[in-house]
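Shown next, in structure tokens, is the structure this report addresses.
The values are calculated or read from the model by the stated rules, or taken from the named source; none is laboratory data. All values derive from a computational prediction rather than experimental measurement. Every residue, glycine among them, receives a Cβ derived from its backbone with ideal geometry; neighbour counts consider all protein chains shown. The protein model used for the area step is the full one, side chains on, heavy atoms only, and it has no ligands, DNA or RNA in it. Shrake-Rupley method; radii C 1.70, N 1.55, O 1.52, S 1.80 Å.
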Amino acid sequence: MRGKGTQGYNTPHPFSAKVGTTMSGREEIFQKAMNDGHSAAWDQEWDKAAAAYRRALQEFPEHPKALNSLGLALYQLGHFEEALQTYSAVAKLSPDDPAPMEKVAQIAERLGDLKIAVDAALRAGDLFLRQRDAEKALENWVRVTNINPENPVAHSRLAQVHEKLGHTQQAVTEYLAVASILQRAGNPEKTREMVDKALSLMPNSIEARQADSLLKAGQLLPKPIRRKGGTGPIRMAQVKQLRRK
């Protein structure tokens with residue numbers, strides 16, 4: 001009896017034979033291996049799925065769909081290091097596709113490779129925004145701020161997109177986060193500009209008024225805080241550091 005299905009396996013493959021055409025021997029082997037992999041994945045037999053996708057990749061080693069499928073199987077098996085390598089390969093082969101880059105960010109974060117996770121999530125967010133998927137873009141930039149609350153690029157992206165979407169309170173919070181980061185970087189003019197931006201969006205904002213008062217008094221703005229539940233990657237990174245010693 002079939003188990004729970006795996007999303008994305010009902011898409012026709014580009015090597016599927018069309019009416020009146022014949023696949024080459026390599027294409028037939030590839031297609032059979034992919035079908036076997038999808039069938040095993042549908043049954044959640046991830047060992048069999050991974051083996052089948054590896055057979056497919058023997059025929060076409062740089063096929064993005066086969067690599068993507070192998071990456072999923074490896075992830076489900078808990079082989080995170082190899083899954084990361086596989087999705088990284090897909091991201092290089094399909095540089096405009098945000099999905100594999102997002103997977104790189106997620107797995108790297110899980111492994112405690114925080115620099116890779118941050119870089120990949122920033123890139124994935126930019127790619128999703130290019131595809132007009134603002135929700136996924138925001139999700140990836142939030143991932144960055146969970147890992148590093150003082151990342152100015154992610155907060156700036158979040159501020160701009162929240163403003164465009166009419167999420168005024170979120171935009172104010174993000175502009176003030178940018179202001180705090182810039183203040184500590186020694187850029188008073190830009191700090192003032194960000195606080196003024198927040199005030200212009202929401203003149204009655206308590207956050208923005210407090211920031212304005214602190215600036216006028218020559219005091220430091222509050223640091224951006226890590227969102228709840230955002231400390232797991234940091235702990236994993238610390239474990240990795242200990243293992244290297």
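Odds and ends about this structure:
- Test set (1) modelled with pLDDT of 95 or more; (2) under 30 Å from residue 81 (Cα atoms) - residue 174 fails condition number: (2)
- Flag for residue 165 being open to solvent by 10 Å² or more (accessible area, probe 1.4 Å), over 16 Å from residue 125 (Cβ atoms) and among the hydrophobic types (A, V, I, L, M, F, W, C): no
- Scanning segment 28-39 for residues that are among the acidic types (Asp, Glu) and buried (at least 17 other Cβ atoms within 10 Å of the Cβ) yields a single hit, 36.
- Scanning segment 133-140 turns up no residue that is surrounded by fewer than 23 Cβ atoms within 10 Å (Cβ to Cβ) and on the phi > 0 side of the Ramachandran plot.
Every residue, every condition in (1) closer than 29 Å to residue 125 by Cβ; (2) surrounded by 20 or more Cβ atoms within 10 Å (Cβ to Cβ); (3) at pLDDT below 95, yes or no:
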position	(1), (2), (3)
21	no, no, yes
26	no, no, yes
41	yes, yes, no
47	no, no, no
58	no, no, no
64	yes, no, no
70	yes, yes, no
85	yes, no, no
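- The residues of segment 37-75 that are among the basic types (Lys, Arg) and closer than 22 Å to residue 101 by Cβ amount to a single one, 65.
- Looking across segment 146-167, the residues that are in contact (Cβ under 8 Å) with a residue 60 or more places away in the chain and not polar (S, T, N, Q) come down to 147, 149, 150, 155.
- Residue check, residue 185 open to solvent by 60 Å² or more (accessible area, probe 1.4 Å) and aliphatic (A, V, I, L, M): yes
- The condition of being open to solvent by 40 Å² or more (accessible area, probe 1.4 Å) and assigned to a loop (DSSP other than H, G, I, E, B) holds for only one of 227, 209, that being 227.
- Single condition residue 170 does not satisfy, out of (1) closer than 16 Å to residue 222 by Cβ; (2) of a type outside the set (Lys, Arg); (3) surrounded by fewer than 22 Cβ atoms within 10 Å (Cβ to Cβ): (1)
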